[in-house]
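Step one of this worksheet: look at the structure below.
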Amino acid sequence: MAHWFHRNPLKATAPVSFNFYGVAGSPAANKICNDLRTTRARLLEMFTDVTCNPEIMKNATDAYFSLLQGFIASLDGTTQENKMRFIQNFKWTDTLQGNTPSAQQDAVFELVSMAFNVALWYTKFASRLAGKENITEAEAKDVHRSLKIAAGIFKNLKEIHIPRLITPAEKGRDLEPRVIDAYIIQCQAEAQEVTIARAIELKHNASLIAALAFETANFYQKADHTLNTLQPECSSKWRKYLQLKQHFYMAYAFCYHGQTLLASDKCGEAIRSLQEAEKCYSHAEALCKEYRQTKGPGTTAKPSEQLFFLKLGGLIKNTLEKCQRENGFIYFHKVPAEAPQLELKASYGLAEPVTFELPAVSDQCSAEVYATFDLTKGAKNDKAKPKDEEVKPVKEPDLKPQQDTGCIVC
């Protein structure tokens with residue numbers, strides 16, 4: 001599977017001890033605090049462990065979130081806010097803002113920030129798997145599903161949990177609508193790339209492939225437009241990726257639409273569609289160069305040298321030459337001056353986010369144990385204040401591309 005995906009860096013966070021001396025008034029309460037510390041540390045380790053898979057990640061996520069919800073959900077049978085929600089300060093960086101962290105004294109902020117990283121992990125797992133040599137059908141399905149799971153997590157955070165924050169996200173931060181929308185749409189578009197590759201491999205109808213490619217190009221365009229009001233220094237590189245993928249899949253759409261037209265004996269129109277595919281491909285090629293030269297968060301690669309890119313160039317060239325030969329021998333059709341207007345709608349293969357649900361509150365967090373946390377017996381941490389000190393960036397695995405596929409793993 002010759003795919004290449006741009007990836008922004010993981011969010012980094014400051015260590016959290018969950019040491020509530022005096023407040024945790026029972027052995028069971030102390031155990032919850034100790035388990036919160038260890039399950040959080042375990043989950044953070046999994047983000048950079050190359051042996052981690054979706055099953056391990058889900059188990060680690062559920063272990064931490066089931067306990068963390070004991071500081072968020074109402075445990076005393078009332079509608080009042082959980083008394084433990086605002087006891088601990090949490091500090092996280094953002095994927096587009098370097099090492100300057102945001103801090104909030106709010107367990108919901110911790111939940112959405114950690115879940116955001118979980119979604120990012122699924123995208124990076126998908127990217128790593130897509131770069132393997134001789135990827136199996138089962139692995140391709142894992143890539144596809146992981147991207148849809150990530151989209152579902154981002155969507156769930158946007159719709160349910162981020163609105164619960166007391167302090168709204170600042171502009172350009174991960175939790176603000178433009179950024180999280182772009183992540184959702186990108187995940188869907190990349191999942192559809194896997195669908196397109198599968199459809200081509202199985203030699204599905206050219207009209208279906210053209211429609212899927214057209215829908216995918218529109219997804220990338222929508223994601224790019226979502227980011228167009230962000231500061232260029234933090235979004236330009238990401239946007240170049242989205243733009244080059246948009247034009248790349250428009251080239252795919254025109255190429256396969258040309259094949260559909262040729263099969264319907266519309267050779268002149270097929271030639272014009274292939275010429276437009278060449279134009280889109282050249283534009284994508286220029287954007288690949290701009291992407292390499294643009295500074296900003298995220299990975300760096302040479303997309304135009306990847307196998308997925310080169311194969312399409314060859315396909316467009318060969319298909320156009322075939323159409324021109326057929327037109328010279330059989331059809332003698334006039335080539336239209338205007339490119340065909342693509343109004344393609346895919347009936348199958350569109351990627352929808354997988355619904356994400358938090359695990360149930362841990363059995364450890366019972367109403368009886370909750371009652372033993374006494375906020376009058378200990379001082380809260382300092383009120384949340386963004387500090388100047390840097391949170392250490394996550395040291396992500398240095399994964400190299402496979403030589404035979406030309407994929408860059410990000």
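The values are calculated or read from the model by the stated rules, or taken from the named source; none is laboratory data. Small disclaimer: the values here were computed from a predicted structure and weren't measured. Note that we place each Cβ from the backbone using ideal geometry, even for glycine, and neighbour counts take in every protein chain shown. In case anyone asks, the SASA skips ligands and DNA or RNA and just uses the protein heavy atoms, side chains included. Shrake-Rupley method; radii C 1.70, N 1.55, O 1.52, S 1.80 Å.
General remarks:
- Residue list for the stretch 37-58, filter: outside any loop (DSSP other than H, G, I, E, B) and more than 26 Å from residue 375 (Cβ to Cβ): 42, 43, 44, 45, 46, 54, 55, 56, 57, 58
- Complete set of residues in the stretch 1-26 that are at pLDDT 95 or above and not in a loop (DSSP other than H, G, I, E, B): 13
- One residue alone among 353, 303 is under 30 Å from the mean Cα position of the chain (by Cα), closer than 30 Å to residue 65 by Cα, in contact (Cβ under 8 Å) with a residue 40 or more places away in the chain and buried (at least 17 other Cβ atoms within 10 Å of the Cβ), and that residue is 353.
- Picking from residues in the stretch 306-334 that are outside any helix (DSSP H, G or I) and open to solvent by 100 Å² or more (accessible area, probe 1.4 Å), the one that is farthest from residue 173 (Cα to Cα) is 332.
- Residue within the stretch 178-201 that is under 24 Å from residue 96 (Cβ atoms), at pLDDT 95 or above and open to solvent by 50 Å² or more (accessible area, probe 1.4 Å) present: yes
- Subset of the stretch 256-274 that is open to solvent by 70 Å² or more (accessible area, probe 1.4 Å) and of a type outside the set (Gly, Ala, Ser) - its residue that is nearest to residue 315 (Cα to Cα): 269
- The single residue among 219, 214, 248 that is assigned to a helix (DSSP H, G or I), open to solvent by 10 Å² or more (accessible area, probe 1.4 Å) and within 30 Å of residue 334 (Cβ to Cβ) turns out to be 214.
- Residues that are in contact with a helix residue (DSSP H, G or I) (Cβ under 7 Å, 6 or more places away or on another chain) and either assigned to a helix (DSSP H, G or I) or surrounded by fewer than 16 Cβ atoms within 10 Å (Cβ to Cβ) (or both), drawn from the stretch 84-109: 107, 108
- Residue check, residue 143 farther than 30 Å from residue 231 by Cα, in a helix (DSSP H, G or I), touching a residue at least 24 places away in the same chain (Cβ under 8 Å) and open to solvent by less than 10 Å² (accessible area, probe 1.4 Å): yes
- Among residues of the stretch 25-58 being among the β-branched types (Val, Ile, Thr) and buried (at least 20 other Cβ atoms within 10 Å of the Cβ), the one that is nearest to the chain's Cα centre (by Cα) is 39.
- Flag if residue 61 is in a helix (DSSP H, G or I), of a type in the set (Val, Ile, Thr) and either surrounded by fewer than 18 Cβ atoms within 10 Å (Cβ to Cβ) or in contact with a Pro (Cβ under 9 Å, 6 or more places away or on another chain) (or both): yes
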